[in-house]
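Undergrad: Pasting in a structure now, in structure tokens, and then I'll have a few things to ask.
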Amino acid sequence: MRKKLKTHRGVAKRFSITSSGKLMRKRSGKRHLLSHKSSKRMRRMDTPVALKQANHLSIKLLLPYGN
């Protein structure tokens, strides 16, 4: 009997996998010191961005079932 792999919960909260298999991450910079940042900059930080290809393997290993 094969043991089930566990999903790394910290990674599952930070990354999502699209239906095409791309890994998406949130942009940094929206936690504090927001008053001096422009609305345009804040809107840009709202949109998720694709993870770089060099980091795909390490994140995919921590998300064995594609959470």
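Read-outs throughout are calculated quantities, based only on the coordinates presented, and are distinct from any laboratory measurement. Worth saying up front: this structure is predicted, and the values here are computed from it rather than measured. Glycine gets a Cβ as well: all are built from the backbone with ideal geometry, and neighbour counts include every protein chain shown.
Undergrad: Counting just the residues of segment 1-30 that are part of a helix (DSSP H, G or I) and in contact with a Leu (Cβ under 7 Å, 6 or more places away or on another chain), which one comes out farthest from Asn67 (Cα to Cα)?
TA: So the residue we want is Val11.
Undergrad: Same structure again: Tally the residues that are exposed (fewer than 11 other Cβ atoms within 10 Å of the Cβ), farther than 17 Å from Ser19 by Cα and of a type in the set (S, T, N, Q), restricting the search to segment 34-67.
TA: Matching residues across segment 34-67 total 5.
Undergrad: Right, another one. Could you check segment 31-64 and list, in sequence order, the residues that are part of a loop (DSSP other than H, G, I, E, B), out of contact with any strand residue (DSSP E or B) (no Cβ under 6 Å at 6 or more places or on another chain) and closer than 30 Å to Lys6 by Cα?
TA: Of everything in segment 31-64, those that are part of a loop (DSSP other than H, G, I, E, B), out of contact with any strand residue (DSSP E or B) (no Cβ under 6 Å at 6 or more places or on another chain) and closer than 30 Å to Lys6 by Cα turn out to be Arg31, Thr47, Lys52, Leu63, Pro64.
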